[in-house]
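These notes are about the structure you will find just below.
The values are calculated or read from the model by the stated rules, or taken from the named source; none is laboratory data. Everything numeric in this text was worked out from a predicted model, so none of it was measured. All Cβ positions, glycine included, derive from the backbone under ideal geometry; neighbour counts span all protein chains shown.
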Amino acid sequence: MKADNELAMLGGEPVLPRDMKRARWPLISEEEAQQLARVIQNEPIFGTDSGQVQALEEEWHRYVGIPYCRAVSSGTAGLHMALWCAEAGPGTEVLVPAYSFTASAFAVVHAGAAPVFVDVDPTSYNMNPALIESRITPRTKAILVVHLAGLPADMDEITAIAQKHNLAVIEDAAHAHGATYKGQKTGSFGDAASFSINGVKNLVAGEAGLFTTRHKEYYDRAEGLWLRVTLAATRESEKYPLATLGYNYRCSVVAAAIARGQLKKLDRFNEVRRSNCERLSRQLRDIPGVVAPTVPGDRTHVYHMYRVRFDAAAAGLDVPSAEFRAKVVAALAAEGVLCRSWMNWTLPELPLFACPDDFESRYPWRRTWEPDQVYSPDECPEAQKMVEETAVVADAPTAVDHEVVDGIAAGFRKVFSRLDEVMRLKLSPDLRKGDLASCETIWREVEKLQVK
């Protein structure tokens, strides 16, 4: 690392050189690759009775501490399966946090239910339990809880409300593999849960998911939704589930084999993420205007993402939140510190909910809510503020070493020591919107603005 005091956007040296190795993910060892090759060469790679798939299901339900597990094709498939098991369908409503990945809401629509959005807590960014009861109606069937970025939600409060109103609890634990709340792993609190294990998650499998439940009746009901193919059957009629209208939610045998190798290292990988992110948080908390993640003492964060908040007022500036964030993110990118928005909108703002007539004219979906139901982002002001004021530090959880983590912190200190200059920057429309999806696109836009 090298740096001078002049901002890189104004011709100075960046803190972290662009060609520096910052992060690595996923981490698949040579031993795992060889084991995968043996599976491909020696075992059937199709069918739900695969030994790899069944072994993954067994290992995951033991790891989470829940009696039943099905390996499925994606985290979204697992959510749909959980909603089906909870009998969340036409005429019912499901409470969903106002900020999450789109699948959290879309799975509800796939099930035929209507999502009802609950604003987020301004500190954890998870569903705010204090607002849940005000959103419950006679049609409410379930609460879909998201452990956003790897921080467990307030499960005691949420499950107590659910029990009071006889509601199912479904955990969207796509970001939270191995995270704990009061010593208990996420995915073991609700009636059912779903984990995504695609190629960027803490538990990597390529593209797949894991559905878990504590209820035998849920597990049995899921069989009617899951299109099984039993290769060991002796009769054609036994090979396929002729009596059910199921989906192809089968987990790839290759994905199961990858996930099994990664599961052996999950706790160690999560500890590295915590070490990196806690080290960064200790340094960022000394910078006025930067709000690092807060982790209550009764839970562990597995930092699928590391999200920071940019507070212009705390930095001593009277600047609109979105403008402040956009300019700081651009200046940090020039220093080699890459931040991105990730889902730069609230769920009520999505076209399906904000403009259902237009959406239905273009796509083969129909609204599952009452005609007089109008979704408005104004009902969820904290989620809106979160979108305007926060960003994900891309390399922090998977940084190759603490030198990179310290370099990220140094980049923050440099930019926040020169905020007057940063606020005078003229950004491109894309940088102002904060809607660039990849680090490479952010860099390209920033390079156009730098003084050579």
Exercise. Any idea which residue in region 86-104 is nearest to the chain's Cα centre (by Cα), counting only those that are over 15 Å from Ala162 (Cβ atoms) and surrounded by 24 or more Cβ atoms within 10 Å (Cβ to Cβ)?
Worked result: Ser100
Exercise. Hey, among Val53, Val15, which residue is buried (at least 17 other Cβ atoms within 10 Å of the Cβ), among the β-branched types (Val, Ile, Thr) and within 25 Å of Ala396 (Cα to Cα)?
Worked result: Val15
Problem set entry | Any chance Glu389 is modelled with pLDDT of 95 or more and touching a helix residue (DSSP H, G or I) at 6+ places or on another chain (Cβ under 6 Å) | yes
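Got a sec? Which of Ala153, Ala174 is touching a Gly at 6+ places or on another chain (Cβ under 6 Å), closer than 23 Å to Thr390 by Cβ and either among the aliphatic types (A, V, I, L, M) or in the same structural domain as Ala98 (by TED's automatic domain parsing) (or both)? Give the derivation first.
Numbers: Ala153 fails: touching a Gly at 6+ places or on another chain (Cβ under 6 Å).
None of the others qualify; the one that does is Ala174.
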Problem set entry | Among (1) surrounded by fewer than 21 Cβ atoms within 10 Å (Cβ to Cβ); (2) within 21 Å of Lys264 (Cβ to Cβ); (3) at pLDDT 95 or above, the one test that Leu210 misses | (1)
Problem set entry | Filtered residues of region 279-318 (kept if within 17 Å of the chain's Cα centre (by Cα), β-branched (Val, Ile, Thr) and within 15 Å of Glu388 (Cβ to Cβ)) | Val308
Seminar exercise, completed: Subset of region 380-407, residues buried (at least 18 other Cβ atoms within 10 Å of the Cβ) and farther than 22 Å from Lys327 by Cα, comes to Cys380, Pro397, Thr398, Ala399, Val404
Seminar exercise, completed: Going through region 116-132 in order, the residues found to be touching a helix residue (DSSP H, G or I) at 6+ places or on another chain (Cβ under 6 Å) and surrounded by fewer than 17 Cβ atoms within 10 Å (Cβ to Cβ) are Pro122
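Residue by residue, here is whether (1) of a type in the set (A, V, I, L, M, F, W, C); (2) in contact (Cβ under 8 Å) with a residue 40 or more places away in the chain holds:
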residue: Ala37; (1), (2): yes, no
residue: Ile40; (1), (2): yes, yes
residue: His61; (1), (2): no, yes
residue: Val72; (1), (2): yes, yes
residue: Thr76; (1), (2): no, yes
residue: Leu79; (1), (2): yes, yes
residue: Leu83; (1), (2): yes, yes
residue: Phe106; (1), (2): yes, yes
residue: Val116; (1), (2): yes, no
Problem set entry | Criterion: in contact with a helix residue (DSSP H, G or I) (Cβ under 8 Å, 6 or more places away or on another chain), among the acidic types (Asp, Glu) and under 20 Å from Thr137 (Cα atoms) - qualifying residue of Glu379, Glu370, Glu349 | Glu379
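In this structure, does Asn270 turn out to be in the same structural domain as Cys339 (by TED's automatic domain parsing) and not hydroxyl-bearing (Ser, Thr, Tyr)? Steps first, answer last, please.
Values: in the same structural domain as Cys339 (by TED's automatic domain parsing): yes; not hydroxyl-bearing (Ser, Thr, Tyr): yes.
Considered against the rule, which asks whether it is in the same structural domain as Cys339 (by TED's automatic domain parsing) and not hydroxyl-bearing (Ser, Thr, Tyr), Asn270 comes out as yes.
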Problem set entry | helices (runs of 4 or more DSSP H) enclosed by region 324-439 - at least 1 residues per element that are touching a Pro at 6+ places or on another chain (Cβ under 8 Å) | 351-354, 356-362, 381-389, 402-416
Seminar exercise, completed: Checked Glu87, Glu57, Glu93 against criteria (among the acidic types (Asp, Glu), modelled with pLDDT of 95 or more, in contact with a strand residue (DSSP E or B) (Cβ under 7 Å, 6 or more places away or on another chain) and closer than 18 Å to Asn248 by Cβ); the one match is Glu57
For this session: Would you point out the residue of region 224-245, among those that are in contact with a strand residue (DSSP E or B) (Cβ under 9 Å, 6 or more places away or on another chain) and farther than 27 Å from Ile40 by Cα, that is modelled with the highest pLDDT?
Result: Leu225
For this session: Output the number of the condition that Glu217 fails; it satisfies all remaining conditions of (1) modelled with pLDDT of 95 or more; (2) over 30 Å from Thr398 (Cβ atoms); (3) in contact with an Asp or Glu (Cβ under 8 Å, 6 or more places away or on another chain).
Result: (3)
Seminar exercise, completed: Checked against (1) under 30 Å from Ala383 (Cα atoms); (2) out of contact with any helix residue (DSSP H, G or I) (no Cβ under 8 Å at 6 or more places or on another chain), Ala88 satisfies every condition except (2)
Problem set entry | Failed item, numbered, when Thr137 is tested on (1) touching a Ser or Thr at 6+ places or on another chain (Cβ under 7 Å); (2) more than 30 Å from Gly51 (Cα to Cα); (3) touching a residue at least 40 places away in the same chain (Cβ under 8 Å) | (1)
